[in-house]
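Below you'll find the structure, written out as structure tokens, and then a few comments.
Bear in mind these aren't lab numbers, they're just calculated from the coordinates by the rules spelled out. Small disclaimer: the values here were computed from a predicted structure and weren't measured. Counting neighbours? That spans all protein chains shown, and the Cβs are built from the backbone with ideal geometry, glycine included.
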Amino acid sequence: MNTRPYVVCHVFAGLNGRIDGAYMLDPAASPARAAYSRMQVEFGADAVAYGAVTTKGFVGSRPLALGTHGSAPKGDFVAPHAERSFYISVDPVGEIAWESATYRRAGRADAHVIEVLTEAASPAYRDYLRERGVSYVLAGSRGLDLPLALRKLRELFGIERLLVCGGGKTDMSFLAAGVLDELSLVLSPTVSGEPETASVFDEMPRSAGGSHAFSLERVERLAGDGLHLVYRVRR
């Protein structure tokens, strides 16, 4: 019996492996970008996960005005929700200033927001989430315990299939933790060379050690000279 969701890393990248930059806005990238977005829906996943940096790009990075104390009880919080899709915010220390517990995006089903936190997230931040009806799970004391987080997402919310869509550090954290099952990589036939731009997988944690191998499952040529590569993670 599966105790965690099946996890797919679904990423759009330039030919140099970068996941951000001017290459994304090149007209030649449009067909591959459209295919990437279409696939994200076609996966039929219960939830999509993003790291804190990427989430701030979606919802803004306004500063949080939190008190020095909080009254949130220990443990996880499952808020009442009607949505059947979920937006998973991997936010270990609690940085995201959510204004609503529902994430809305054109062309997608409304998604209930779940924060994945560590014990480093303050009780005041947990109060902040509770007041807005945002669910959260706690996984790890200081370092993020992704296997535990995934087990809780399965148990508490019934999530069986999860897409991880960046950024590069978040992608790598799932890979290094041994909880990534599949890589779906959409390559745009474009490149730009901005310095210090995130890649598909970034910053291998020292504790992970060594490299990670993949097995190629299939290759699809996309309209406009893009490629869709599907890999399984070798255990």
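Calculate, in nm to one decimal, what ASP26 and GLU42 gain on full extension: separation in residues at 0.36 nm each, minus their alpha carbon distance.
Extending this stretch completely gives an extra 3.3 nm.
Can you compute 3J(HN,Hα) from phi for each residue in the range 188-194, using the Karplus curve 6.51 cos²θ - 1.76 cosθ + 1.60 with θ = phi - 60°, rounded to whole Hz and x for Gly and Pro?
8, x, 9, 9, 9, x, 4
Between SER61 and LEU227, what length in nm is gained on full extension when 0.36 nm per residue of separation is reduced by their alpha carbon distance?
56.4 nm
Under a Cβ-only charge scheme (Lys and Arg +1, Asp and Glu -1), can you give me the dipole magnitude of the chain about the Cα centre, in debye to the nearest 20?
340
Starting at the first residue of the range 220-228, write each ³J(HN,Hα) from the Karplus equation 6.51 cos²θ - 1.76 cosθ + 1.60 with θ = phi - 60°, in whole Hz, x for Gly and Pro.
The phi angles translate into 10, 7, 9, 4, x, 6, x, 10, 10 Hz.
With angles folded into 0 to 90 degrees, how steeply does helix 30-42 sit against the dominant principal axis of the chain? Use alpha carbons for both and round to 10.
The angle comes out near 50 degrees.
Averaging the inverse of every distinct alpha carbon separation and then flipping it gives the Kirkwood radius. What is it for the chain, in angstrom units?
After inverting the pairwise mean of 1/r, the radius is 18.5 Å.
Using only Cα atoms, tell me the angle between helix 146-157 and the longest principal axis of the chain; keep it within 0 to 90° and round to the nearest 10.
70
Taking every eigenvalue of the Cα gyration tensor of the range 47-157, multiplying by 5 and rooting it, what semi-axes result, largest first, whole Å?
Sorted largest first and rounded, they come to 19, 17, 14 Å.
For LEU222, enumerate residues with amide H under 5 Å from its amide H, sequence gap 5+ or separate chain, H modeled in the peptide plane.
So LEU222 has HN proximity to LEU227, HIS228.
What is the gain in length, in nm to one decimal, between GLU160 and ALA97 on full extension, counting 0.36 nm per residue of separation less the C-alpha to C-alpha distance?
Value of the extension gain: 20.0 nm.
Would you mind working out the magnitude of the charge dipole of the range 47-157 relative to its Cα centre, with +1 at each Lys and Arg C-beta and -1 at each Asp and Glu C-beta, to the nearest 20 Debye?
The dipole of the range 47-157 has a size of about 200 debye.
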